[in-house]
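The values are calculated or read from the model by the stated rules, or taken from the named source; none is laboratory data. Quick caveat: nothing in here was measured; it's all calculated off a predicted structure. Note: ideal-geometry Cβ built from the backbone for every residue, glycine included; neighbour counts use all protein chains shown. All accessible areas refer to the heavy atoms of the entire protein, side chains included, with ligands and DNA or RNA removed. Shrake-Rupley method; radii C 1.70, N 1.55, O 1.52, S 1.80 Å.
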Amino acid sequence: MEDVTTRKTSATAASAKRPRASSTGSASERRDHLVKLAAEIFARKGFQATTVREIANEAGILSGSLYHHFDSKETIVDEVLSTFLDDLIARYRAALESGSDPRTVLSEMVRIGFSTLEPHRAAITVMQNDWNYLRQFERFNYLVKAEDEVEQMWVAQIKAGQAAGQFRADVDPKLTYRMIRDTIWVAVRWFRPGGRLNTTGLAEHYITVLFDGLATGERTTQKG
């Protein structure tokens, strides 16, 4: 990692040569572009293996110019992940606050999860590949808190469905949630936009399997 003093000096020198953005809007757009570009590199190479220089080279700028927008690559990945989680959790909360029955809410939560595969593909990939590394650092404590909050949402809804008689009582809510979670997020590794199914079709197919099962006829698993 570069020395902080050297980094600041480089950033200052680059700033002196850089033409000022014509407006706040254009500066904001440039920053957003850099975040998306870096996210793609993080997803492709892994966060730890990616350097600030590589991000800058990909953007066609000097490393010092990148530091004008971000003080470290940690700040960039922080924005990538927090943007994804803020969007996901806000939409989950809205589904829970709709007042619908547990099966309807759970179906909507599945749709929400699958719908993030395209707009947040890079963030989801980074979460899977670099989760254990990033969670070591205090600034990323929110990752664990977000994970816990999301799990509580799903588990509570599954339990509500069991209490209402909509879901089987002989399944473990926490284990069921984790199987659903992994099915959705692992799909980012093989799902390709433009294929036979879009994310909407993918979600509906999964909801059918989740609630109606694969086997026909009477239930063959042991009842609780």
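Data for the structure
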| item | result |
| --- | --- |
| Members of region 190-207 found to be free of Cβ contacts under 8 Å to residues at least 40 places away in the same chain and either part of a loop (DSSP other than H, G, I, E, B) or under 23 Å from W131 (Cα atoms) (or both), listed by number | W190, R192, G194, G195, R196, L197, N198 |
| Cross-chain or 6+ apart pairs with Cβ under 9 Å, region 171-182 first and within 14 Å of S107 (Cα to Cα), then surrounded by fewer than 18 Cβ atoms within 10 Å (Cβ to Cβ) and of a type in the set (D, E, K, R) | Y177/E151; R181/E151 |
| Options R30, R20, R44, R53: the member that is modelled with pLDDT of 75 or more, more than 23 Å from I124 (Cβ to Cβ) and open to solvent by 90 Å² or more (accessible area, probe 1.4 Å) | R53 |
| Near pairs, Cβ below 7 angstrom, 6+ apart or cross-chain, from region 67-80 (within 19 Å of G46 (Cα to Cα)) to any residue that is of a type in the set (S, T, N, Q) and in a loop (DSSP other than H, G, I, E, B) | K73/T50 |
| Residue in region 94-116 that is surrounded by 15 or more Cβ atoms within 10 Å (Cβ to Cβ), at pLDDT 95 or above and not in a helix (DSSP H, G or I) present | yes |
| Qualifying residue in region 192-200 (condition: of a type in the set (K, R) and closer than 22 Å to A90 by Cβ) | no |
| Region 121-143, subset within 14 Å of the chain's Cα centre (by Cα) and open to solvent by 40 Å² or more (accessible area, probe 1.4 Å), residue nearest to L37 (Cα to Cα) | R121 |
| So R168, is it more than 28 Å from D78 (Cα to Cα) and not small (G, A, S) | yes |
| Qualifying positions in region 56-93 - surrounded by fewer than 19 Cβ atoms within 10 Å (Cβ to Cβ), among the β-branched types (V, I, T) and closer than 22 Å to R121 by Cα | T75, T83, I89 |
| Residue count, region 153-166 (criterion: exposed (fewer than 12 other Cβ atoms within 10 Å of the Cβ) and either of a type in the set (K, R) or assigned to a helix (DSSP H, G or I) (or both)) | 1 |
| Odd one out for A169 among (1) assigned to a helix (DSSP H, G or I); (2) over 26 Å from L197 (Cβ atoms) | (1) |
| Scan of region 40-66 for residues that are outside any loop (DSSP other than H, G, I, E, B), without any contact (Cβ under 8 Å) to a residue 24 or more places away in the chain and of a type outside the set (S, T, N, Q), ordered by number | I41, R44, K45, R53, E54, I55, A56, E58 |
